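Enquirer: One structure coming up, written as structure tokens, with questions to follow.
The values are calculated or read from the model by the stated rules, or taken from the named source; none is laboratory data. Computed from a prediction, not measured in an experiment: that's the story for all the values here. Methodologically, a virtual Cβ is constructed for each residue, glycine included, from the backbone with ideal geometry; neighbour enumeration extends over all protein chains shown.
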Amino acid sequence: MTVSDVLLRLRALLFRARVEEELEDEVEFHLAMARRKHLDAGRSEDEAGRLARLDFGRVGAVKEDCRGVRGIESFETTLQDIRYALRSFRRSPGFVLTVSGTIALGLGLNLALFTLFNAYVLRPISIHDPYSLYSFTWADRQGRGHAFFWDEYQQFEKDSPAFSEVAAVQYVYTRVDGHVFQGQLVTGNYFQMLGVGSELGRPLLPEDASAPGREAVVVLSYQAWQNMFRGRPDIVGTKIMVRGFPMEVVGVARKGFQDISEVPRDFWAPLTMAGRLQDGSDLFGADHPERLDIVGRLRRGQSVSGAEAILTAWSQRMTLQLPDEGKAVGVLLHSKATSIPLTPELLITFSPLAVVFGLVLVLACTNVASMMLARATARQREIGIRLSLGALRRRLIRQLLTESILLSIPAAILGFIISRVTIDASIRVMFATVPKDMLELIHDVPRPVDWRVIAFMVFAALASALLFGLAPALQATRANVMSSVRGEVASDLRPVRVRNALVIAQITVCTLLLVACGALVRTTMAMSAFDIGFRTNNVIAMEIVENSRGRVMDALASDPAVDTIATASSVPLNGAVPSVTTRAENGPTISTAFNDVSPEYFEILGIPIVRGRNFTKQESASETRVAILSAMAAQRLFAHRNALGQILHVSGEPAREVRVIGLAAYIVTCCIPWGKDPVLLYLPATPATSANVLVHVRGEVESERHWLDTRLAALAPGAVGDIHSLDQYRAVGLYGFRAASMIGATLGGLALLLTLTGIYGVVSYFVTQRTKEIGIRVALGATTHTVVGMVLKHSLRLTAIGTVIGTGLAIGMSRLLASRLVFMRVFDSAAFAAGVLLVASTALAAGYIPSRRAAQIDPIQTLRYD
Amino acid sequence: MAKPSRLDLLQGTLDLLILRTLQPGDAMHGWAISERIRRLSDNVLQANQGSLYPALHRLEHQGWIKAEWGVSELGRRARFYRLTASGRKQLQQEADNWTRVAGAIGKVLELA
């Protein structure tokens, strides 16, 4: 394509009328000259004109060829089609409204989902050059990532393999004035590396983290400054208490920066303050606690795979001296450009949700396809005439598709509005239904409408236009020219077949969605009703900072509302519990979760000791080498031998030998969806491992919790971290499933509605098509009963096929899910029965109304039509 | 009137003839080009005059000729075409090609 070509085409596009006029003039000039020549040769006026035209050839064809050279006829055709389509839309506004409304519903839901996905996974974080930022850790044989200790980080910084800049970060959780306050301890170069400035005051600087214990300074996030400190303009210079330690606010970070973690952070403090803000051994001390995460910028031009190779070599060198289970075998290098990295695992987790949403859009599209088909059939005569006049089938398909795409434009706009409303509504519902203690952890992230969202909307709208437009377009233009001109549509039964297929597809999808939704609801119900093995009511768990533990314990002991106090290293239902490897004398080695607990732990939670005995207070205080096993752990370790009195080797620093003194019933420790953890090892709590305190209170648990929180905050500011009732832990653990059930029920309801209208449409159409036949039947003596039966049989047959296929698919899907979820049953008969029944009765109801109409057909009237 | 038998022009030959006609450098309108081709070929090459125009427009799109509006010798508005530099190069190439092909065909006809 040459420059002049482009320019001429552009000219032809922009000045269509003028170019057309020029062509006209040019041809006219030629003919005038030719006429003149013939006149000069002595011909008559008429003869000259005739000869000129004869020499020239067909004027129309020549002009058409000249237009062809311009290469814009396709555009002009499109314009024509658009004008034509708009004219026909003006005649049937109801159709346009129904189609765009139905598609908009499906589009809107998907757009809402994509907007959220975009906000977390696709939209880059607002920092300098986000795409070069990566987090790094090495992975051991089991694929577990590693948290670095200080010396390792320093070595990494010195070697800086593959990275040009690196920083170490560590999460810290606390509460200020009863509000959750989550922060990041960072090396001094953090803000410089990210290129993030401050709204007020200054960001953290390398000098802030020059030596351990130095500089009790903190930078707040803009959000935290606004929400927790009400945007006080004099915030810089004031001191706030972080975990009971006064820290000076030196600045507020730039608006819009909420750290590069998955969850927005409220503050940043120098890593050198770790000793003050963290329990347990000193980050910079001899214990080498493994706590740091590494983030950094890959060197310019460094490929990810190259970096992985370099980092693997480095990690293997670093872990050369360690025993095999500590050796690095690979590295985990994840982009930090977005708050949640786009990994294959994420896509696998996300895809079921995307599929379910996508199915609703497909349902909407089949509904509309059905409507389009009915419309196309109604226009059969027109299409037949056009075909018989020589219109190309391709040309007609193109025109029908143009119509579909035009319909998808209002659908996209409406869908966009629906998506905004859906997001707002679901966030409102989430805030209304979420367990109270989870509220503070929820951060509303910005959900901008950026080019990705727009691109998705355009793509989805076009895709659905093709989806609902293509089949009807192909179908409608296939008609037999002769019969359709005569208005005999019914002789060609294929439109009915396609529509039947569409309805079957709808019923299939609807059955699948409803069964899945039913199974999900029942799984959630099973989990809510599940006996977790201990009691949660009136128990409050709190995390206490080590240096305030004594004071807090005393205060609790003297509190009249508190009747029992226990300690534990892990709170049950609060996520995965750390594990160790244990080996029985002459027995197998297994990995067991462990919890360091005081004797009262079993009493407070009502966990029965099924054999042997509980710890004593002395054993707790003097670090006696005894242990209690869950019954299942004992079985796995000692088989049929009596576990009591046996010696167990427990790995760790240092490795220990403990004697088994009791067996406890097994409970849910980590999280309800995982079911009861069969293997668990209890060790007596020591003061160092008693990070969590559980208290059983008299009276109303929430008011007690509030009272204890306020009282302890006054007594020892910052001493109490998390403080929640165990009931809340339980509710939080189940919330994900409750939310999924709500989403599922909403989508299932929509699917049912779409199927209802879909079947109604098809059966009505069926009745209209066979009016004559039904009329004859009635005339020959068919009763209302038989006519209704005949029509219903049609919709029942479709329903039967659809539900069977849908059930098959649902079984496959629940197999897949059940392999991941303990509580999901492969064949949940109740869910299947309910789903199928609901779909079937909907189908019957949708078929009944048109069938009644069929029965009322007056034979005299119908037969008069011919 | 005995008409000399007309030849159908090969695809692409018309392009060559147009370019050759415009070679002297003067701007010509479609009618003049058509008349000139007819005269120079002793009425043998007299294609459908209409087919001249799509060819002219195609050559214009390819950038080998340029069109502008002017006033014809009879005072009427007409579209005049002129050879461009790249058109001149194209003509050279096509003419060479043509000579080679025509020579080759001639040889085959003589010897066969």
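Enquirer: Mind listing whichever residues of the range B:64-75 are of a type in the set (Phe, Trp, Tyr) and either farther than 15 Å from residue A:28 by Cα or more than 9 Å from every other protein chain (Cβ to nearest Cβ) (or both)? Reasoning before the result, please.
Expert: So in the range B:64-75, the residues of a type in the set (Phe, Trp, Tyr) come out as B:64, B:69.
Across the range B:64-75, the qualifying residue is only B:64.
Enquirer: Further, regarding this structure: Step by step: first the residues of the range A:196-230, then only those that are small (Gly, Ala, Ser) and more than 15 Å from residue A:240 (Cβ to Cβ), then the one that is surrounded by the fewest Cβ atoms within 10 Å (Cβ to Cβ). Which residue is that?
Expert: Among them, the one singled out is A:211.
Enquirer: Let me ask something else. Could you pull out every one of the helices (runs of 4 or more DSSP H) wholly within the range B:23-112 that has 1 or more residues that are under 29 Å from residue A:21 (Cα atoms) and at pLDDT below 90? Show your work before the answer.
Expert: On the way: elements: B:30-40, B:52-62, B:85-111.
Answer list for the range B:23-112: B:30-40, B:52-62.
Enquirer: Checking residue A:682 against (1) at pLDDT 90 or above; (2) farther than 17 Å from residue A:578 by Cα; (3) buried (at least 16 other Cβ atoms within 10 Å of the Cβ), which test does it fail?
Expert: Of (1) at pLDDT 90 or above; (2) farther than 17 Å from residue A:578 by Cα; (3) buried (at least 16 other Cβ atoms within 10 Å of the Cβ), only one is false for residue A:682: (2).
Enquirer: For the range A:616-636, give me the residue count where each residue is assigned to a helix (DSSP H, G or I) and over 13 Å from residue A:683 (Cβ atoms). I'd like the intermediate steps shown before the answer.
Expert: Residues of the range A:616-636 assigned to a helix (DSSP H, G or I): A:617-621, A:631-636.
This time we only want the ones that are over 13 Å from residue A:683 (Cβ atoms), so: A:617-618, A:621, A:631-632, A:634-636.
So the answer is 8.
Enquirer: Turning to a different aspect of this structure: Can you name every residue in the range A:264-285 that is more than 13 Å from residue A:224 (Cβ to Cβ) and either part of a loop (DSSP other than H, G, I, E, B) or hydroxyl-bearing (Ser, Thr, Tyr) (or both)?
Expert: If we filter the range A:264-285 for residues that are more than 13 Å from residue A:224 (Cβ to Cβ), which is where we start, we get A:270-285.
Matches in the range A:264-285: A:272, A:278, A:279, A:280, A:281, A:282, A:283, A:284, A:285.
Enquirer: Quickly run through the range A:428-487 and pick out the residues that are loosely packed, with under 15 Cβ neighbours inside 10 Å, at pLDDT below 85 and touching a Leu at 6+ places or on another chain (Cβ under 8 Å).
Expert: A:481
Enquirer: Quick one: which helices (runs of 4 or more DSSP H) lie wholly within the range A:1-115 and hold at least 3 residues that are surrounded by 16 or more Cβ atoms within 10 Å (Cβ to Cβ) and within 14 Å of chain B (Cβ to nearest Cβ)? Steps first, please.
Expert: On the way: elements: A:3-14, A:16-40, A:45-56, A:59-70, A:73-91.
Because the criterion is at least 3 residues that are surrounded by 16 or more Cβ atoms within 10 Å (Cβ to Cβ) and within 14 Å of chain B (Cβ to nearest Cβ), the helices (runs of 4 or more DSSP H) in the range A:1-115 that meet it are A:3-14, A:16-40, A:45-56, A:59-70.
Enquirer: Filter the range A:692-716 down to the residues that are touching a helix residue (DSSP H, G or I) at 6+ places or on another chain (Cβ under 8 Å) and closer than 18 Å to residue A:545 by Cβ and list them by number.
Expert: Passing the criteria: A:693, A:694, A:695, A:708, A:711, A:712, A:715, A:716.
Enquirer: Yes or no: residue B:6 out of contact with any Asp or Glu (no Cβ under 6 Å at 6 or more places or on another chain), at pLDDT 85 or above and charged (D, E, K, R)?
Expert: On the way: out of contact with any Asp or Glu (no Cβ under 6 Å at 6 or more places or on another chain): yes; at pLDDT 85 or above: no; charged (D, E, K, R): yes.
So residue B:6 does not fit the description; no.
Enquirer: Moving on to the next point. Can you tell me which of (1) surrounded by 14 or more Cβ atoms within 10 Å (Cβ to Cβ); (2) assigned to a loop (DSSP other than H, G, I, E, B); (3) of a type in the set (A, V, I, L, M) is the one residue A:374 doesn't meet?
Expert: (2) is the only condition that residue A:374 fails.
Enquirer: Right, next: Please give the number of the condition residue A:576 fails out of (1) closer than 18 Å to residue A:685 by Cβ; (2) in contact (Cβ under 8 Å) with a residue 24 or more places away in the chain; (3) small (Gly, Ala, Ser).
Expert: Only one criterion is unmet by residue A:576, namely (1).
Enquirer: From A:556, A:520, which residue is surrounded by fewer than 22 Cβ atoms within 10 Å (Cβ to Cβ), on the phi < 0 side of the Ramachandran plot and touching a residue at least 12 places away in the same chain (Cβ under 8 Å)?
Expert: Values: A:520 fails: surrounded by fewer than 22 Cβ atoms within 10 Å (Cβ to Cβ).
Just a single option satisfies the conditions, and that option is A:556.
Enquirer: Still on this structure, please answer the following. What are the pairs with Cβ atoms under 9 angstrom where one residue, in the range A:635-662, is on the phi > 0 side of the Ramachandran plot and the other, located anywhere, is loosely packed, with under 14 Cβ neighbours inside 10 Å? Sequence gap at least six, or different chains.
Expert: Final answer for the pair search is A:639/A:588; A:645/A:659.
Enquirer: Still on this model: For the range A:604-615, check the following and say yes or no: at least one residue is assigned to a helix (DSSP H, G or I), of a type outside the set (A, V, I, L, M, F, W, C) and out of contact with any strand residue (DSSP E or B) (no Cβ under 8 Å at 6 or more places or on another chain).
Expert: Initial filter on the range A:604-615 (assigned to a helix (DSSP H, G or I)): A:604-605.
Then keep just the ones that are of a type outside the set (A, V, I, L, M, F, W, C); that gives none.
No, because not a single residue in the range A:604-615 is assigned to a helix (DSSP H, G or I), of a type outside the set (A, V, I, L, M, F, W, C) and out of contact with any strand residue (DSSP E or B) (no Cβ under 8 Å at 6 or more places or on another chain).
Enquirer: Here is a further query. Check whether at least one residue in the range B:56-63 is under 16 Å from residue B:20 (Cβ atoms), away from chain A (no Cβ under 12 Å) and either surrounded by fewer than 20 Cβ atoms within 10 Å (Cβ to Cβ) or in contact with a strand residue (DSSP E or B) (Cβ under 9 Å, 6 or more places away or on another chain) (or both), and report yes or no.
Expert: Looking for residues that are under 16 Å from residue B:20 (Cβ atoms), away from chain A (no Cβ under 12 Å) and either surrounded by fewer than 20 Cβ atoms within 10 Å (Cβ to Cβ) or in contact with a strand residue (DSSP E or B) (Cβ under 9 Å, 6 or more places away or on another chain) (or both), one finds none in the range B:56-63, hence no.
Enquirer: Go through A:562, A:539, A:545 for me and flag whichever is at pLDDT below 90 and among the hydrophobic types (A, V, I, L, M, F, W, C). Quick ask: steps written out before the conclusion?
Expert: Values: A:562 fails: at pLDDT below 90; A:539 fails: at pLDDT below 90.
The conditions single out A:545.
Enquirer: Cβ contacts < 6 Å: first residue closer than 23 Å to residue A:450 by Cα, restricted to the range A:396-420; second residue part of a helix (DSSP H, G or I) and among the aromatic types (Phe, Trp, Tyr), any location; separation 6+ or different chain. Result?
Expert: Note: no pairs meet the criteria.
Enquirer: Is it the case, given these coordinates, that residue B:13 is over 18 Å from residue A:24 (Cβ atoms), within 10 Å of chain A (Cβ to nearest Cβ), surrounded by fewer than 20 Cβ atoms within 10 Å (Cβ to Cβ) and not charged (D, E, K, R)?
Expert: Working: over 18 Å from residue A:24 (Cβ atoms): yes; within 10 Å of chain A (Cβ to nearest Cβ): no; surrounded by fewer than 20 Cβ atoms within 10 Å (Cβ to Cβ): yes; not charged (D, E, K, R): yes.
When the stated conditions are applied, residue B:13 does not pass them.
Enquirer: Select from the range A:377-394 the residues that are without any contact (Cβ under 8 Å) to a residue 40 or more places away in the chain and over 11 Å from residue A:476 (Cα atoms) and write down the one among them that is surrounded by the most Cβ atoms within 10 Å (Cβ to Cβ).
Expert: Of the residues in the range A:377-394, the ones without any contact (Cβ under 8 Å) to a residue 40 or more places away in the chain are A:378, A:382, A:386, A:389-392, A:394.
This time we only want the ones that are over 11 Å from residue A:476 (Cα atoms), so: A:386, A:389-392, A:394.
Working: A:386: 18, A:389: 8, A:390: 7, A:391: 14, A:392: 11, A:394: 9.
Out of the qualifying residues, it is A:386.
Enquirer: On the given criteria, is residue A:400 assigned by TED's automatic domain parsing to the domain that holds residue A:459, at pLDDT 90 or above and buried (at least 18 other Cβ atoms within 10 Å of the Cβ)? First the steps, then the outcome.
Expert: Working: assigned by TED's automatic domain parsing to the domain that holds residue A:459: yes; at pLDDT 90 or above: no; buried (at least 18 other Cβ atoms within 10 Å of the Cβ): yes.
No.
Enquirer: Being at pLDDT below 85, more than 17 Å from residue A:848 (Cα to Cα) and assigned to a helix (DSSP H, G or I) is the filter here; which residues of the range A:780-819 pass it?
Expert: Matches in the range A:780-819: A:813, A:814, A:815, A:816, A:817, A:818.
Enquirer: Taking the options A:170, A:155, name whichever one is in the same structural domain as residue A:278 (by TED's automatic domain parsing) and either among the small types (Gly, Ala, Ser) or buried (at least 17 other Cβ atoms within 10 Å of the Cβ) (or both). Working first, answer last.
Expert: Values: A:155 fails: either among the small types (Gly, Ala, Ser) or buried (at least 17 other Cβ atoms within 10 Å of the Cβ) (or both).
Checking each option against the conditions leaves just A:170.
Enquirer: Taking the stated definitions as given, is residue A:659 closer than 30 Å to residue A:287 by Cα, in a strand (DSSP E or B) and not hydroxyl-bearing (Ser, Thr, Tyr)? Write out each step before concluding.
Expert: Numbers: closer than 30 Å to residue A:287 by Cα: yes; in a strand (DSSP E or B): yes; not hydroxyl-bearing (Ser, Thr, Tyr): yes.
Yes: the conditions hold for residue A:659.
Enquirer: What about residue A:9, is it within 53 Å of the chain's Cα centre (by Cα) and not assigned by TED's automatic domain parsing to the domain that holds residue A:394?
Expert: Judged against the criteria, residue A:9 is a match.
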